[in-house]
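Structure first, then comments.
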Amino acid sequence: MTREQAESRASALRELIEHHNYLYYMLDQPEISDAEYDQLFNELRAIEEQYPELLTPDSPTLRVGAPPLDAFPEHRHLQGMLSLDNAFSEEELTAFDQRIKRFLGLPLETALDYICELKIDGLAVSLTYENGALTTGATRGDGERGENITPNLKTIKQIPLRLKGGEGLFDQPPPTIEIRGEVYFTRLEFERVNQEREAQGEPLFANPRNAAAGSLRQLDSRITARRALKIWVYGAGYYEQVTFENQWALLQRLKAWGFPVNPYIQRVRGIEAVWDYCQAWDSKRAELPYEIDGVVVKVNDFALQRDLGATQRAPRWAIAYKYPAEQVKTKILRVVWQVGRTGVLTPVAEMEPVESRGVIISRATLHNEDEIQRKGLMVGDTVIVQRAGEVIPEVVSVVLEARDGSQTPVEIPTRCPVCGSEVEREADQAAIRCLNLACPAQITERIRHFTSRNAMNVEGFGDKWVARLFEQGYLTDPADLYTLHEHKDALIALDRSGEKLVNNLLNAIEKSKQNPLERVIFGLGIPQVGENAARLLADHFGSVEALMNASEEQLLKVQGVGPGTAREIAQFFEREENQRVIEKLKQAGVRMEAEQSTSRSDKLAGKTFVFTGELQRCPRETAEALIRQHGGRATGSVSKATSFVVAGPGAGSKLQKAKDLGVPIIDEDTFFAMLEEE
Ligand code: 9MJ
């Protein structure tokens, strides 16, 4: 075979193999035997081995996994992957429906078109297709940046390596489109993998969702390939040169492009019909071959979705209805007290292991002393526990009839179980606190928080490292992380994994210095300052220094910061130890200021913008970020205080409202011209 012949044969084989993959994995209607399929596959592999330069990124031979990676590269989503707000009852669903209508200025009796989708309990992923070919697959990560796990996702045969075209679908595929979906394990495959792990003496996966996450985050994609992961696709992120009227139309197109779209998705009118759907699936879901934990409800019309926009966390046009948690009975063996990073002692019940929907539960949080008293809980009690989604299981109630006199009261500690110093309980607070800032538990928890995924995200720096380096005296506060490179030889001696691992770790630590300010602020572990508050504080103050010097009064000016949080922040920075850590971080070269680019000018200062309809030049999030970088504000709803409404094709009710209120309406070009003005 000449090289030309090989090239053309390889191309034909790829198309043929993908066609048979589709018939087999998507339609369940194979047209050739496994042996015939293997023959095609082996022929393609042989050609690619002989002519390695002919291997293309969309070759089905890459579905079997590639040699292991050292780490996953970072992937920036073109459009953010938001999470969903939750509803736990019919009332909360109705409130969601009413909220939407009020926001849109629609009569409250309007019956909106909704799409009801089963909420798959797996791992959210984003697949980027360029000119019709799959180029990247990534995890959600923090919503803006995920991990590039392309080789792992390619092992999922249901994921098309090329979008199916033709037959009026497209002449030219969209230049870029992000497809969003959920990767999951079937119950059967979950059982199989766990049996295999048990046989090999490996720890079992607690539930199908963890199993999916564990399999996708394998650096060796050949291991991923051995697990039959599956996917349901339900949306799109960023896209160009294609338009969709509504979610239903998008789902139909995804199906036509060759993606698996869940067959039970329904289009319904009015929130009552949504509730009927949720109830119907509550009784039927046990029959599904995979786990669902609720129903995702989405406003169908994309023009309305655009008008509704999103809050910091989640879109206003969707909600996740969650099924009530299953309750199971078990027995409390003992109560232990854990010390957190702020010194708070949290009682945790250790229980006889019990299974709830495929998850083994053996520990539950008891929250605090008051909660123990309120429930009248004793050691040896039989209790009802439940697991609600991601949160740690909790004890719902005590089964008093099961008392037999052997139960004993829960001992309330007077000394810290870790450092032995006296504990204190403030009069107006439920929490018992260890006041010793040098308590080993507090120190290690503070460091663990600082390095955690949503804070400084130091890859590979797990609990074991924190504990070991603390014991050896290398780490006494989070800032010591940045002096670890001085002890490289000692670290290598500590860990049998050797130099490469330590190098990776030190690189990850070095890289974390460049994290945005909001991550540093979150990482400091100021009580009551979560990710959201950290972002607001970073946006408002622009540097740790400014935040440190802010008075409680100034802190209260930040939208979303209340008196309690303001006091905690002020108290945190008054402490000398904290000032010392901050100085050390600064000396180490950790970014303590917002990126220069976040403040390019103040030419939009005092101006508030609202977008409606589509933007052609960039995603709406990018345009909103630009507004902030030039000192302006971007909000979701039109009011008299709005300076400009930027309207594009498909503009809806916001445009009307702007007209009614006499708010100036400009187009996208005018908006960008404003930014470019000197
Ligand atoms: C799941 N987990 O099945 C969404 N999801 O939409 C479905 N998740 C989602 N949709 C927007 N069906 C954000 C998340």
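Structure notes:
- Selection of the stretch 97-130 for residues being touching a Leu at 6+ places or on another chain (Cβ under 9 Å) and exposed (fewer than 15 other Cβ atoms within 10 Å of the Cβ) yields GLN98, ARG102, LEU106, THR110.
- Checked against the criterion of being within 14 Å of the ligand (Cβ to nearest atom) and not hydrophobic (A, V, I, L, M, F, W, C), the stretch 322-336 contains one or more residues that satisfy it.
- Selected residue (criterion: surrounded by the most Cβ atoms within 10 Å (Cβ to Cβ)) from residues of the stretch 14-39 that are in contact with a Phe, Trp or Tyr (Cβ under 8 Å, 6 or more places away or on another chain) and at pLDDT 90 or above: ILE17
- The combined condition, being surrounded by 19 or more Cβ atoms within 10 Å (Cβ to Cβ), under 25 Å from ASN503 (Cβ atoms) and more than 24 Å from the chain's Cα centre (by Cα), is fulfilled by THR444.
- The sole residue among ALA651, ALA658, ALA623, ALA641 that is in a loop (DSSP other than H, G, I, E, B) and without any contact (Cβ under 8 Å) to a residue 60 or more places away in the chain is ALA641.
- Residue tally, condition assigned to a loop (DSSP other than H, G, I, E, B) and at pLDDT 95 or above, over the stretch 276-309: 1
- SER215 crowded, with 17+ Cβ neighbours inside 10 Å, of a type in the set (S, T, N, Q), farther than 30 Å from ALA651 by Cβ and within 21 Å of the chain's Cα centre (by Cα): yes
- Selection of the stretch 228-237 for residues being within 14 Å of the ligand (Cβ to nearest atom) and not small (Gly, Ala, Ser) yields LYS230, ILE231, TRP232, VAL233, TYR234.
- Of the numbered criteria (1) over 33 Å from the mean Cα position of the chain (by Cα); (2) under 20 Å from LEU524 (Cβ atoms); (3) of a type in the set (Gly, Ala, Ser), the one ALA479 fails is (1).
- Contacts under 7 angstrom Cβ, first residue in the stretch 550-564 being without any contact (Cβ under 8 Å) to a residue 60 or more places away in the chain, partner loosely packed, with under 11 Cβ neighbours inside 10 Å, 6 or more apart: LEU556/PRO563
- Of the listed requirements (1) closer than 30 Å to ALA623 by Cβ; (2) more than 16 Å from the ligand (Cβ to nearest atom); (3) touching a Ser or Thr at 6+ places or on another chain (Cβ under 9 Å), LEU161 misses just one: (1).
This table checks each residue for (1) surrounded by fewer than 17 Cβ atoms within 10 Å (Cβ to Cβ); (2) of a type outside the set (A, V, I, L, M, F, W, C); (3) over 31 Å from the mean Cα position of the chain (by Cα).
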site	(1), (2), (3)
MET1	yes, no, yes
GLU7	yes, yes, yes
PHE41	no, no, yes
GLN50	yes, yes, yes
ALA71	yes, no, no
GLU74	yes, yes, no
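- Pairs are defined by a Cβ separation below 6 Å, a sequence spacing of at least 6 or placement on different chains, a first member in the stretch 310-327 that is over 16 Å from MET81 (Cβ atoms), and a second member that is within 11 Å of the ligand (Cβ to nearest atom) and assigned to a loop (DSSP other than H, G, I, E, B); the pairs so defined are ILE319/ASP85.
- For HIS540, the conditions (1) at pLDDT 85 or above; (2) under 29 Å from GLN629 (Cβ atoms); (3) surrounded by 17 or more Cβ atoms within 10 Å (Cβ to Cβ) are fulfilled apart from (1).
- Some residue of the stretch 465-473 being in contact with a strand residue (DSSP E or B) (Cβ under 8 Å, 6 or more places away or on another chain) and either farther than 22 Å from ILE443 by Cβ or not hydroxyl-bearing (Ser, Thr, Tyr) (or both): no
- Residues in the stretch 551-575 that are small (Gly, Ala, Ser), farther than 27 Å from GLU624 by Cα and assigned to a loop (DSSP other than H, G, I, E, B): 1 in all.
- Residue in the stretch 243-259 that is within 16 Å of the ligand (Cβ to nearest atom), modelled with pLDDT of 95 or more and part of a strand (DSSP E or B) present: yes
- Test result for ASN262, within 16 Å of the ligand (Cβ to nearest atom), touching a Leu at 6+ places or on another chain (Cβ under 7 Å) and of a type in the set (S, T, N, Q): yes
- Within the stretch 261-282, residues that are of a type in the set (Asp, Glu) have Cβ atoms under 7 Å from residues that are away from the ligand (no atom under 12 Å from the Cβ) in these pairs: ASP282/TYR323, counting only partners at least 6 apart in sequence or on another chain.
- LEU304 farther than 30 Å from GLU352 by Cα, within 23 Å of the chain's Cα centre (by Cα) and either more than 13 Å from the ligand (Cβ to nearest atom) or in the same structural domain as LEU250 (by TED's automatic domain parsing) (or both): no
- Being assigned by TED's automatic domain parsing to the domain that holds THR139, touching a His at 6+ places or on another chain (Cβ under 9 Å) and not aliphatic (A, V, I, L, M) is a description that applies to TYR238.
The values are calculated or read from the model by the stated rules, or taken from the named source; none is laboratory data. All figures in this text were calculated on a predicted structure; none of them were measured in a lab. Note that we place each Cβ from the backbone using ideal geometry, even for glycine, and neighbour counts take in every protein chain shown.
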